[in-house]
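Report on one structure; see the data block that follows.
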Amino acid sequence: MSQFPDYYSILNLGKSATQEQVRQAYRKESLNRTHPDRLVNASSAEVRQATERFQAVADAYYVLSNPDRRQEYDNLYKTRADRTTDPQSSSNFFSQFSSMFGGSASNRPNTSQPDPNGVFTDVFDELLRPEVERRVPVWGWLGAICGAGIGFIVANFPGLLVGAFAGNRLGAVRDAKGKSIAAVFNELGGQQKAEILRALAAKVLGSAF
């Protein structure tokens, strides 16, 4: 029988960790230590090792961040003394034990091994959402100015007010519309990704103390 993945050790957590501590631990591990995109000049072997570790960290977060999955994992955890942080053990775990998550087959969620990029995308967007919500409404202001100019030409001062309002609303749509942060991140070059991840890691680690 293959060894059992110790997801608490993989995330550097104690068994009594809260859900918020699980989330913070995942952010630290994925951003600061394991994300493959941080390895700009790494060898293929180093990238492969980082990818395996990144997958194990995503698996750990997937299991421990959900109370029901965590409870079922904990029940099995108590019976296994052969615990390990070897990333390969996580893949074996999902091939052998993923069916234990969630009741009957008819209402059981998809329990295949998590997509690490999908897990990271959700947390990445969550992490940067405050920065996005504080964005400068560039297109809203530009729309208001342009709309006011056109409105004044058409109907003098009343037209200026109507045009400014309409232009601002159209600009606001442009400000709010677009791709997710993670989608934009995935289109960047390797060096840019590495720099962003380093900055985020510093931010996460700094907020933890």
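The values are calculated or read from the model by the stated rules, or taken from the named source; none is laboratory data. As the structure is a computational prediction, the values presented were derived from the model and not from experiment. Every residue, glycine among them, receives a Cβ derived from its backbone with ideal geometry; neighbour counts consider all protein chains shown. Just so you know, the surface numbers come from the protein's heavy atoms only, side chains and all, with ligands and any DNA or RNA stripped out. Shrake-Rupley method; radii C 1.70, N 1.55, O 1.52, S 1.80 Å.
In a shell of Cβ-Cβ distance under 15 Å around Thr84, excluding Thr84 itself, what net charge do Lys and Arg (+1) and Asp and Glu (-1) give? Surrounding charge for Thr84 is -2. Between the listed residues Ser90, Gln49, Leu13, the Cα displaced farthest toward the positive end of the dipole of the stretch 11-95, a dipole computed from Cβ unit charges relative to the Cα centre, is found at Leu13. Here the Karplus relation 6.51 cos²θ - 1.76 cosθ + 1.60, evaluated at θ = phi - 60°, turns the backbone of the stretch 87-99 into coupling constants of x, 4, 5, 5, 4, 5, 4, 5, 6, 9, 10, 4, 5 Hz, with x for every Gly and Pro. In nm, to one decimal, how far is the modelled label at Thr79 from the one at Ser95, with both set 7 Å along Cα→Cβ? The two pseudo-label positions are separated by 2.1 nm. The residues packed around Val22, meaning those with a beta-carbon under 12 Å from its beta-carbon, carry a net charge of +4 if Lys and Arg are +1 and Asp and Glu are -1.
Per-residue SASA remark: Ser90, around 0 Å² accessible (1.4 Å probe; ligands, DNA and RNA not included).
If you plug the beta carbon distance of Ser44 and Ala199 into 1/(1 + (r/R0)^6) with R0 = 30 Å, you get a FRET efficiency near 0.70.
Computed 3J(HN,Hα) for the stretch 17-28, one whole-Hz value per residue from the Karplus formula 6.51 cos²θ - 1.76 cosθ + 1.60 where θ = phi - 60°, is 4, 7, 5, 5, 5, 4, 5, 5, 5, 5, 4, 4, glycine and proline marked x. Legend: calculated FRET efficiency, Ser2 to Asp125, from the Cβ-Cβ distance at R0 = 35 Å, rounded to 0.05, equals 0.55.
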